[in-house]
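The values are calculated or read from the model by the stated rules, or taken from the named source; none is laboratory data. Computed from a prediction, not measured in an experiment: that's the story for all the values here. Here the Cβ positions follow ideal geometry from the backbone for every residue, glycine too, while neighbour counts run over all protein chains shown.
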Amino acid sequence: MRDQRSGVILLAAMSVLVSLLVLSAVGLGRSATELLAANRSVAGHQAIHLAEAGLDVVLAEYVAGGPDGVRGDFSCDAAEDWTGCAGSGRTKSLALQGTPLLITIDDIGSEAPTVTSRAVVDGDLKGIRTVIGVSRSDAQQAVFGRDYIELRDTLVDSYDAALGPYGAAIPPDPRYGTLNRSQVALPASWQATIHTNSAESCHIDLEGQDRPIDVFGDALYGEGGIGVIRTSGAVTIYGVRDGRPPLALDPITIPPGLCTGTTLTTSQTLAAGSYCYDAIELESGETVVTDGEVTVYVQDHIRVEGDGGGDPAALKGRVGGIDTPAALTVHYVGTGNVDFREQATLVGTLHAPGARVRFEEGSRLFGAVLAEEFEARDSEIHFDESLIWDDPTDGSSPVSVRLWKQDQP
């Protein structure tokens, strides 16, 4: 009897022990599962944060510019590591904290490109997709002549005034190979596009006789155009020749009460602000400069004319005493001619949607022109690339995030 009781007790003890072992195994299994889930969650969060960091890197490059100093460009130069270049798409591989990231950009050149950043941590792939808004000004090219562009013995190139004055040492853009930039004497960049909406024959008329014409950018015209570009003599266009949809110029609206019926003449400094004049008339030795950002409206005519003998006339945007094209915008509401002649200089943007703009006889533009028609003879057009971006005056970024969501690979 005593042995029977001992056997029952032993069986009960063994049952309890087995139950405890089963419960322990279940607990350990559950703990392992929870630990694995926790590790995956940590890895997922790390991947998300690294993907976000990849976006920050790319957006910073978008604003500040890559090695070539061109913002929003994402060119496929070896120095910038962009690959998979097909149309408006790009890809790039990055490494942050030892983790590989893949960045993909679509719709480059639009006002709402899409940027996707993906990271893998411990086998967990996560991605972030954003649609960014880009604030761009109307000055997307050196010269826009809606109906017609004519160049004779004229240089068209570009620089970025945010990096220094024209002529500062800027590495040549590798997209144009080993071209010796010294052939035009001043090292600069290569974003100087000329653009017309016209699709008619010879409405971009380029002639280099006494001096070669070098256009360091694209020559764009209306869609479907045939024979739009006519060249004669020494003419080189380093960018593409292609048709584009029409570009519309915004109408000019003068703020009420701003015009006083006066003419801007004689040398003087304009304080930051907005002004309206019947005309601008500057002769040899007369220079008007700004002290900060200035907008000028002109109703009747503009004539800036030196004497051709080393005593020029000039209209210049300046900030802190430094020539700054972004500091001066001139809106001309008339339909007559706008003339810069005999070594005249404009530092700024000229918006003349109903006028013929002419630069002649050694005159120079540092900035951009948007007009109905444009002519230049024996002159220099130096496009300021910083005008492309409509930078907020409060110092905030011209790039905003319009859409942010987790990408599902």
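Of the residues making up segment 252-276, those that are in a loop (DSSP other than H, G, I, E, B) and among the hydroxyl-bearing types (Ser, Thr, Tyr) number 6. Summed over segment 314-335, the residues that are modelled with pLDDT under 95, buried (at least 16 other Cβ atoms within 10 Å of the Cβ) and in a loop (DSSP other than H, G, I, E, B) give a count of 2. Just checking, does segment 119-130 include any residue being at pLDDT below 75, out of contact with any helix residue (DSSP H, G or I) (no Cβ under 6 Å at 6 or more places or on another chain) and not hydrophobic (A, V, I, L, M, F, W, C)? Checked against the condition, which is being at pLDDT below 75, out of contact with any helix residue (DSSP H, G or I) (no Cβ under 6 Å at 6 or more places or on another chain) and not hydrophobic (A, V, I, L, M, F, W, C), segment 119-130 yields at least one hit. Taking the criterion of being surrounded by fewer than 24 Cβ atoms within 10 Å (Cβ to Cβ) and either small (Gly, Ala, Ser) or touching a helix residue (DSSP H, G or I) at 6+ places or on another chain (Cβ under 6 Å) (or both), would at least one residue in segment 337-349 satisfy it? No, there is no match, as no residue in segment 337-349 is surrounded by fewer than 24 Cβ atoms within 10 Å (Cβ to Cβ) and either small (Gly, Ala, Ser) or touching a helix residue (DSSP H, G or I) at 6+ places or on another chain (Cβ under 6 Å) (or both). Residue-level analysis places Thr99 outside the set of residues that are surrounded by fewer than 20 Cβ atoms within 10 Å (Cβ to Cβ) and at pLDDT below 65. Residues in segment 153-191 that are modelled with pLDDT of 50 or more, of a type in the set (Asp, Glu) and over 18 Å from Arg211 (Cβ atoms): Asp160 alone. Within segment 252-264, the set of residues being touching a strand residue (DSSP E or B) at 6+ places or on another chain (Cβ under 7 Å) and within 29 Å of Arg146 (Cβ to Cβ) comprises Ile252, Ile254, Pro255, Leu258, Cys259, Thr263, Leu264. Residue check: Ala271 meets all listed conditions (1) more than 21 Å from Ser158 (Cα to Cα); (2) in contact (Cβ under 8 Å) with a residue 24 or more places away in the chain; (3) surrounded by fewer than 14 Cβ atoms within 10 Å (Cβ to Cβ) but one, namely (2).
In the condition set (1) of a type outside the set (Val, Ile, Thr); (2) under 25 Å from Gly348 (Cα atoms); (3) at pLDDT below 75, Glu150 is compliant with all but (3).
Residue by residue, here is whether (1) touching a Gly at 6+ places or on another chain (Cβ under 7 Å); (2) in contact (Cβ under 8 Å) with a residue 24 or more places away in the chain holds:
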| residue | (1), (2) |
| --- | --- |
| Ala234 | yes, yes |
| Pro245 | no, no |
| Pro251 | no, yes |
| Gln299 | yes, yes |
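Condition check for Val357 on (1) within 19 Å of Tyr166 (Cα to Cα); (2) crowded, with 21+ Cβ neighbours inside 10 Å: one failure, at (1). Considered as a group, the residues in segment 151-168 that are aliphatic (A, V, I, L, M) and in a strand (DSSP E or B) include one that is surrounded by the most Cβ atoms within 10 Å (Cβ to Cβ), and that residue is Val156.
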